[in-house]
Amino acid sequence: MIDLSVYLITDAAQCAARGLVATVAAAVRGGVTAVQLRDKHASDAELIAQGRALQAVLAGTGVPLIINDRIEVAKALGADGVHVGQSDAAAQEARAKLGAKAIIGLSVQTPALAWAVDPALVDYVGIGPVFATTTKRDHSPPLGFDGLAAVCAASPVPAVAIGGLQAAHAEAVWAAGAQGMALVSAICAAASPEQAAREIAAATQIVGESS
Ligand code: TZP
Ligand code: MG
């Protein structure tokens, strides 16, 4: 099963200062447990090139590479999995094209959507945003921790929380029933992505052990 505890999601603009690959490499040294390559604007060819570079960084670390939305890119790369949104290609298509071993993640924003998740198709859900965030435009209304807990309770599969999260939120995220935190700016835009990842990993380990 995928370790969702410190789930880095990349953002091209926020990683630009150091470069995508160097940012991810630093974050992996700091202890992220999963990496999602997310770029809504890159072409398939650009994403495949970036994905190959990230696979080289992740080789031998046990940290999986998940591709956001682009099932064909995930397939071309032989990536560990794909994360799809409610408005993206269905989890069913991802499972059919990537096979039984692929990690399939699905975004859900409400208990009803979580309730509808088929565990045969979906390995984990991403729930958010917990807080408003400038990283994602036009996100749905923030859930807060009570809303997060309600969606987690309805999900038949493990959940990772997303949206405005930082190390200090680990305890509340786990208390709400999630198994991890997905983060963009807290790592990509940090003065030191390695140090930021290390602090988040330490915070999640403490709450993970006591829950
Ligand atoms: N989906 C919901 S919120 C979000 C995505 C991709 C962005 C989260 O970014 P940040 O910087 O961790 O708030
Ligand atoms: Mg999407």
* Return the distance in nm (one decimal) between the two label points of a simple spin-label model at residue 72 and residue 153, each offset 7 Å from Cα along Cα→Cβ. => 4.3 nm
* From the backbone phi of the range 163-175, what are the Karplus-calculated ³J(HN,Hα) couplings (6.51 cos²θ - 1.76 cosθ + 1.60, θ = phi - 60°) in whole Hz, Gly and Pro given as x? -> x, x, 8, 9, 3, 5, 8, 3, 4, 5, 5, 5, 4
* Structure fact -> Here, trypsin sites (Lys or Arg not before Pro) of the range 129-211 satisfying both criteria (DSSP loop; at most 10 other Cβ within 10 Å) are 137
* Hey, with R₀ at 22 Å, roughly what FRET efficiency would residue 112 and residue 137 work out to, going by the Cβ-Cβ distance, to 0.05? -> 0.35
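Over 18 Å between C-alpha atoms is what I'm after, so list which of 75/101; 40/136; 97/136 land there.
97/136
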* Full-extension gain in nm, residue 192 to residue 168, via 0.36 nm per residue minus C-alpha separation -> 7.0 nm
* Beyond 18 Å, what percent of the Cα pairs of the range 63-139 remain? -> 39 percent
* So which residue, out of 135, 61, 33, gets the largest mean-square fluctuation from a GNM of the chain using Cα contacts under 10 Å as springs? -> 61
* Structure fact -> Across the alpha-carbon set of the range 16-95, Rg over Rh with Rh taken as the Kirkwood radius works out to 0.96
* Which FRET efficiency value, to the nearest 0.05, do you get for residue 90 and residue 13 by plugging their Cβ-Cβ distance into 1/(1 + (r/R0)^6) with R0 = 41 Å? -> 0.90
* For residue 1, put the label point 7 Å out on the Cα→Cβ axis and report which residues of the range 62-90 keep their amide N under 20 Å from it. => 62-66, 80-84
* Of the residues 19, 177, 30, which exhibits the maximal mean-square fluctuation in a Gaussian network model of the chain defined by a 10 Å Cα contact cut-off? -> 19
* Asked: Between residue 175 and residue 120, what length in nm is gained on full extension when 0.36 nm per residue of separation is reduced by their alpha carbon distance?
  -> 17.2 nm
* Counting other beta carbons within 10 Å of each Cβ, put 127, 66 in order, fewest first. => 66, 127
* **Pair-distance profile P(r), taking every C-alpha pair of the chain, with 10 angstrom steps and integer %** => 9, 38, 40, 13, 0
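Taken together, the values in this text are just the output of simple stated rules run on the coordinates, not laboratory data. What you are looking at is a predicted structure, and each value in this text was computed from that prediction instead of being measured. As a convention, Cβ positions derive from the backbone with ideal geometry for all residues, glycine included, and neighbour counts pool all protein chains shown.
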